[in-house]
Each structure stands twice: as C-alpha cells, then as structure tokens.
Amino acid sequence: MEKGKRAIRVRREFNASLSIVWQAWTTPELLDRWWGPSPWRAETQTMDFREGGYWLYAMVGPEGERHWSRADYISIVHEKSFTAKDGFYDENGTFDPEFPQNLWETRFIETESTVMVEITLTFDTFADLEQTLAMGFREGFTTGLNQLDELLLVTPAEGRQ
C-alpha cells in the first residue's frame, strides 16, 4: 500500500480468472463473503451495480453493531474498471459528514495466469486520508484482500484459464 499526497494506492495480484475476480468485486453475495476484516463481515442491503447505481452495506461487528457505507458507481467498464464515490452513511442511505468520502478507482489487469487489481482511493484533503488510515483502513483492507484470496481458492474454477 502506497500513501500519496491525498491518495492511497493498493495493488494485489490474484490467482484466478478475470471473470471470477470481477464477480468477486461486483456481486453482493461474493462481496459479503470477503469485504470486511474478520471478525467483522459485510452485509449488503442494496446493490445496483451500474453507472448511477450504488451499493449500500453494513459492516457488522462481532457484537452485532453496524456501521453503514455506500458506494455510488460513477463509471463501469465490464471486466476492466469501475469508479465509485465511497463514504459512511446510515441504513437509509443518508451521508454522515463526520467521516470522509473518497473516490475509488479500481482497475483489473489480466495476465496469462493472474489478475492484477489496482485500487486508488483519492481524498478531498490529506486530513481525510489520515482519518481513514487512523480508523484502521490499512489493516482492515489487507485482511479483506487476504479473505478474497481464500474465497478465490474455493470458488468454482469455471472460467479459469
């Protein structure tokens, strides 16, 4: 993970086909299985994966506590990239201004045997980036990506090269 002036950049290589990796990032049933650092888990309330659509989900803690987030999809190029504005919301989809928002740019690059996923999170201010890091983004997202690795090991090989 690289921290720029107002951006966090993450690159992760996955040993799976492009179609399976894309599905893991764009299908609520799969996202809910890896998006969140154990013992926390994601629980999708609504997902409309299209330009102008959004994903509203809760991070559910071990004691049942819920922290809501929403990603509003801006652009989508099938199996190549998507961008979304992400932030903390409530269960009704109302933005919580106490927390920063950021722009997620996610790219999928297929090689002969793997898929490289490159994520850039851009914040309005350096303070917003620092607040996100202080809330445990690095550790939480790394754990989630490790869980995605595990999920891809057990996902049906259909579409693998």
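The values are calculated or read from the model by the stated rules, or taken from the named source; none is laboratory data. Treat the numbers as computed from the prediction; the structure is a model and nothing was measured. Cβ coordinates were reconstructed from backbone atoms using ideal geometry, including for glycine residues, and neighbour counts include every protein chain displayed. Side chains are part of the model used for accessible areas, which takes the heavy atoms of the whole protein and leaves out ligands, DNA and RNA. Shrake-Rupley method; radii C 1.70, N 1.55, O 1.52, S 1.80 Å.
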message: So with the 1.4 Å probe, I'd like the accessible area per residue for the chain, rounded to whole Å².
response: 53 Å²
- request: Please give, to one decimal in nm, the separation of the simple spin-label points placed at A134 and T27, each 7 Å out from Cα toward the Cβ.
  value: 4.0 nm
query: How many percent of the accessible area of region 7-87 is carbon or sulfur, using a 1.4 Å probe?
result: 46 percent
query: For D86, what is the net charge nearby, where nearby means another residue's Cβ is under 13 Å from its Cβ and Lys, Arg count +1, Asp, Glu -1?
result: -3
- request: Determine the calculated [θ] at 222 nm for the chain from helices alone, applying -39500 (n - 2.57) to every DSSP H run no shorter than 4 residues and normalising by the residue count; nearest 500 deg cm²/dmol.
  value: -8000 deg cm²/dmol
- prompt: When the Cα centres of region 87-161 and region 5-60 are compared, how far apart do they sit, in Å?
  reply: 7 Å
- prompt: So how far apart, in nm, are the two label points at R11 and L103 if each is 7 Å from Cα heading toward Cβ?
  reply: 2.2 nm
Sites I74 and T46 - FRET efficiency at Förster radius 22 Å, r taken between beta-carbons, to 0.05: 0.80
task: Would you list the P(r) distribution for region 11-116, with all Cα-Cα distances sorted into 10 Å bins from 0 and each bin expressed as a whole %?
output: 15, 43, 33, 8, 1
- prompt: Over all Cα pairs of region 98-159, how is the pair count split among 10 Å bins, expressed in % and running from 0 up to the last occupied bin?
  reply: 17, 41, 27, 13, 1
- request: Pop out the Kirkwood hydrodynamic radius of region 56-161 from its pairwise C-alpha distances, inverse of mean 1/r, in Å to one decimal.
  value: 15.8 Å
